[in-house]
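Inspection log for the structure reproduced underneath, given as structure tokens.
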Amino acid sequence: MWRGLYTAAAGMIQETQRTDVISNNLANVNTNGFKRDVAISEEFEPMLIRRINDKDMRNDVTSFQCFSIGGQPPIVGTLGLGSEIAEVATDRSQGTFETTGNPYDVAIAGNGYLEVQTPQGVRYTRDGAMIRSATGQLQNMRGQAILGTNGQPIMIPANATDVVINENGQILARVPGQDAHQQLGQLALVDFADRRALLKQGDNLYYPQQGAQPQPATGTIEQGVLERSNSNVVEEMVQLINNYRIYEAGSKAVTTQDGMLDKSVNDVGRLG
């Protein structure tokens with residue numbers, strides 16, 4: 001009974017963690033470039049159960065037809081000991097594009113990340129919502145500088161007009177006194193050989209694990225659009241409801257086990 005109690009409790013803990021993951025997906029359904037997470041379960045090693053109270057294994061009917069091998073008590077079966085969340089994996093599938101008309105908004109079609117300068121160092125994001133600051137620096141919505149291929153913030157003059165960001169991330173604009181578009185910089189678009197080396201930091205940013213090095217990305221830049229979150233409200237709500245039912249079943253199992261323990265202690269174990 002103790003094993004059943006712990007197994008059910010382990011399942012409830014697992015579903016609580018899964019609920020946190022699903023809730024975070026729902027909270028970020030409108031976050032640009034957000035990638036949903038998936039909680040992956042792992043089962044504990046099951047226990048092999050044998051009968052241990054047979055007085056004479058040779059005369060026990062359960063030892064017939066090789067149920068008892070080498071004098072060992074007969075095998076009853078296996079007992080599951082519950083499971084846990086082994087990993088929270090990120091679904092990096094492409095989100096849908098939404099046209100904004102803002103020349104500083106970009107979306108990455110395919111693989112790749114933009115580089116962002118933060119107080120913790122260079123971080124990476126799929127969020128292409130950008131603005132030109134009062135000083136002319138190209139920044140994200142949190143005021144952090146978007147970096148160019150030279151590793152420096154990109155500056156856009158106040159008198160620049162007709163800003164164009166091409167598929168390679170080159171930023172072109174008309175400057176007074178010049179007939180043609182002038183290149184002001186180029187967005188750093190990078191990727192990683194193993195994308196699992198990128199971990200979520202928060203604020204829609206990723207940081208690389210130690211030793212992971214960026215490399216040129218194969219994706220392209222789309223101007224005037226933003227990538228939406230790849231979380232689907234309906235799918236996440238269905239999973240949340242299903243998760244609640246599983247948690248509820250675990251709760252009832254704990255209550256049942258507790259009642260059986262109460263009976264065994266207060267009734268079965270009572271001396272006449």
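Can you put Asp162, Asp179 in order of accessible area, largest first, using a 1.4 Å probe?
Values: Asp162 85, Asp179 140 Å².
Putting Asp162, Asp179 in descending order of accessible area: Asp179, Asp162.
Want the number for Thr220 to Arg142: 0.36 nm per residue separation, take away the alpha-carbon distance, what's left?
Values: separation 78, 0.36 × 78 = 28.08 nm, distance 2.37 nm.
Once the chain is fully extended between Thr220 and Arg142, it gains 25.7 nm.
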Counting only protein heavy atoms and leaving out ligands, DNA and RNA, the solvent-accessible surface of Val106 at a 1.4 Å probe, in Å² to the nearest 10, equals 0
Quick shape check on region 193-272: root eigenvalues a ≥ b ≥ c of the Cα gyration tensor, a/c under 1.5 is rounded, otherwise prolate if a/b tops b/c, else oblate, and it reads prolate
So, over other residues within a Cβ distance under 15 Å of Tyr206, counting Lys, Arg +1 and Asp, Glu -1, the net charge is +1
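All other residues with a Cβ under 15 Å from the Cβ of Ala158 taken together, and with Lys, Arg as +1 and Asp, Glu as -1, what is their net charge?
On the way: positive: Arg132, Arg174; negative: Asp162.
With Lys, Arg at +1 and Asp, Glu at -1, the net is +1.
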If the chain between Leu261 and Ile246 were fully extended at 0.36 nm per residue, the gain over the current Cα-Cα distance would be 3.1 nm
Under a 1.4 Å probe, counting only protein heavy atoms, Tyr244 has an accessible area in Å², nearest 10, of 120
Ignoring ligands and nucleic acids, Phe34 exposes an accessible area, probe 1.4 Å, in Å² to the nearest 10, of 10
With the charge dipole of region 74-231 built from beta-carbon charges (+1 for Lys and Arg, -1 for Asp and Glu) about the Cα centre, the Cα from Pro208, Phe192, Ile108 projecting farthest to the positive end belongs to Pro208
Toy charge model, Lys and Arg Cβ at +1, Asp and Glu Cβ at -1: region 106-219 dipole around Cα centroid in debye, rounded to 20, equals 300
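Do you know the relative contact order of region 83-152, to the nearest whole percent, from alpha carbon pairs under 8 angstrom that are 6+ apart? List each step's numbers first, then the result.
Values: 73 pairs, mean separation 16.7, N = 70.
The value is 24 percent.
Once you order the gyration tensor axes a ≥ b ≥ c over the Cα atoms, which shape class does region 141-256 get: rounded for a/c under 1.5, otherwise prolate or oblate by comparing a/b with b/c?
Cα axes put region 141-256 in the prolate bin.
The values are calculated or read from the model by the stated rules, or taken from the named source; none is laboratory data. As the structure is a computational prediction, the values presented were derived from the model and not from experiment. Heads up, the Cβs are rebuilt from the backbone with ideal geometry, glycines too, and the neighbour counts pull from every protein chain shown. Heavy atoms of the whole protein, side chains included, go into the accessibility calculation; ligands, DNA and RNA do not. Shrake-Rupley method; radii C 1.70, N 1.55, O 1.52, S 1.80 Å.
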